[in-house]
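Heads up, the thing below is written out as structure tokens.
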Amino acid sequence: MSSNRSLLILPGDGIGPEVMREVRRVIEWFGKRRQVSFDIDEDIVGGASIDAHRTPLTDKALDKAMNADAVLFGSVGGPKWDNLGFDMRPEGGLLTLRKELDLFANLRPAICFPALAGASSLKPELVTGLDILIVRELTGGVYFGEPRGIETLPDGQRRGVNTQVYTTSEIHRVARVAFELARKRRNLVHSSEKANVMESGLLWREEVTRLHKSDYSDVQLQHILADNCAMQLVREPKQFDVIVTDNLFGDLLSDVAAMLTGSLGMLPSASLGAKDASGRSKALYEPVHGSAPDIAGKGLANPIATILSFGMALRYSFDLPNDADLVGKAVENVLAGGLRTADIMQPGMAKVSTGVMGDAIVRELDKLTT
Ligand code: IPM
Ligand code: MG
């Protein structure tokens, strides 16, 4: 079977390249064993691109991303580039991709694999069976709002400004994604904002309510203040199904949710744009974790979040749910077998490197299909 599935790989900085190496092996496995092949291109982004081209994202790389069926992104950033201005920071490469591809819906599932319940910072009974989905708005809010900047006042003080701003359509389009996904899950959406102190939060609440009434009254909707949401996530996380929230709160809440599952090294994400006439949307897949410069190059990184991100690409961009499930199953079995990278290490388990974890997952894929 031939295919014209195109995949742009942007490994980035820090542990990005080493986890991506393992993902490539999984992708190769799919090409060989499942006849699911991809036209793969690769480019640099973030600090690597700053070093080579003096910009965190070249026009050429952006153009490739625009034209790919899906982008697989590693991570960006590191101390080397910490003192550059905002437009020259590695993170700018990622933010430009999100904005230019208009990837407004960021899906961050937090699933606790049974074998990892003991690795969570919460009691196992609180996280066993956990399966929540954070839908984070990704192209608006305080990340992109104007005015923004740092100015010096006449009295010599400095003043930093960012703007939290949302419009009706921005709220509706991401809330729609949340309601649609909830229908395929446990049919419950928590919408999270700070309507008690922010006008943009009040608008968010009113517009989500309006959309719910008109189009999604079959889905259960609850509003929850973002601070309470953070608290409830660590108090009783299984009360949640889908959480829809803005860009900044989504950033925070998804890190909290990630840790419930045992490690930030486990969480994949999908960032999706609007569907075009043919039903396809632009998409970028990335682990929720960052570049972890402190452990980069040491073989300590957990490749699972990025491997599961590829799994999400199989599901959402390439309409291959069975293959996506296969990736999840392989990861689950390898964990059940006792292999652990350092971030999820527990007493009695076997501590392995990034590469050995990748090996084991590829071998498990073999086992599952023979
Ligand atoms: C994330 C990251 C990014 C964000 C950074 C790297 C810009 O923390 O994807 O959660 O803040 O969105
Ligand atoms: Mg984050």
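The values are calculated or read from the model by the stated rules, or taken from the named source; none is laboratory data. Everything numeric in this text was worked out from a predicted model, so none of it was measured. A quick note on method: Cβ atoms are made from the backbone with ideal geometry, for glycine too, and the neighbour counts reach across all protein chains shown.
Things to note:
- Flag if Ile243 is at pLDDT 95 or above, within 16 Å of ligand 1 (Cβ to nearest atom), not in a loop (DSSP other than H, G, I, E, B) and not acidic (Asp, Glu): yes
- Subset tally (residues that are away from ligand 2 (no atom under 14 Å from the Cβ) and either under 19 Å from Ala52 (Cβ atoms) or among the basic types (Lys, Arg) (or both)) for region 91-109: 5
- Residue identified as within 16 Å of ligand 1 (Cβ to nearest atom), assigned to a helix (DSSP H, G or I) and small (Gly, Ala, Ser) among Ala182, Ala178, Ala230: Ala230
- Residue in region 8-29 that is part of a helix (DSSP H, G or I) and without any contact (Cβ under 8 Å) to a residue 12 or more places away in the chain present: yes
- Flag for Arg159 being of a type in the set (Lys, Arg) and assigned to a strand (DSSP E or B): yes
- Residues of region 37-77 that are in a loop (DSSP other than H, G, I, E, B) and within 16 Å of ligand 2 (Cβ to nearest atom): Gly46, Val76, Gly77.
Residues are listed down the side, and each one gets a yes or a no for (1) within 12 Å of ligand 2 (Cβ to nearest atom); (2) modelled with pLDDT of 90 or more; (3) not assigned by TED's automatic domain parsing to the domain that holds Arg136:
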| position | (1), (2), (3) |
| --- | --- |
| Val256 | yes, yes, no |
| Gly279 | no, no, yes |
| Glu286 | yes, yes, yes |
| Ala292 | no, yes, yes |
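- Where Gln220 falls short, out of the listed (1) touching a strand residue (DSSP E or B) at 6+ places or on another chain (Cβ under 9 Å); (2) within 16 Å of ligand 2 (Cβ to nearest atom): (2)
- Residue that is surrounded by the fewest Cβ atoms within 10 Å (Cβ to Cβ) [pool: residues in region 318-361 that are under 25 Å from Glu180 (Cα atoms) and touching a Phe, Trp or Tyr at 6+ places or on another chain (Cβ under 8 Å)]: Asp323
Conditions tested, residue by residue: (1) loosely packed, with under 15 Cβ neighbours inside 10 Å; (2) at pLDDT below 95; (3) over 21 Å from the mean Cα position of the chain (by Cα); (4) closer than 28 Å to Phe113 by Cα.
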| site | (1), (2), (3), (4) |
| --- | --- |
| Trp204 | no, no, yes, no |
| Leu221 | no, no, yes, yes |
| Ile224 | no, no, yes, yes |
| Ala230 | no, no, no, yes |
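- The residues of region 272-295 that are within 16 Å of ligand 1 (Cβ to nearest atom) and in a loop (DSSP other than H, G, I, E, B), listed by number, are Val288, His289, Gly290, Ser291, Ala292, Pro293, Asp294.
- Identity of the residue in region 311-332, within 22 Å of Leu101 (Cα to Cα) and in a helix (DSSP H, G or I), that ends up nearest to ligand 2 (Cβ to nearest atom): Met312
- Unique residue being in a helix (DSSP H, G or I), of a type outside the set (Gly, Ala, Ser) and over 15 Å from the mean Cα position of the chain (by Cα) when the list is Leu335, Leu300, Leu308: Leu335
- Scanning region 85-124 for residues that are crowded, with 21+ Cβ neighbours inside 10 Å, assigned to a loop (DSSP other than H, G, I, E, B) and not aromatic (Phe, Trp, Tyr) yields Leu101, Leu103, Cys112.
- Residue within region 254-261 that is in contact with a helix residue (DSSP H, G or I) (Cβ under 8 Å, 6 or more places away or on another chain), in contact (Cβ under 8 Å) with a residue 12 or more places away in the chain and not in a helix (DSSP H, G or I) present: yes
- Any hit, region 92-103, residues being at pLDDT 95 or above and within 30 Å of Arg235 (Cα to Cα): no
- The sole residue among Arg185, Arg205, Arg210, Arg173 that is in contact with a Leu (Cβ under 8 Å, 6 or more places away or on another chain) and not aliphatic (A, V, I, L, M) is Arg185.
- Test: residue in region 263-271 that is out of contact with any helix residue (DSSP H, G or I) (no Cβ under 6 Å at 6 or more places or on another chain) and either away from ligand 1 (no atom under 13 Å from the Cβ) or among the aliphatic types (A, V, I, L, M) (or both): no
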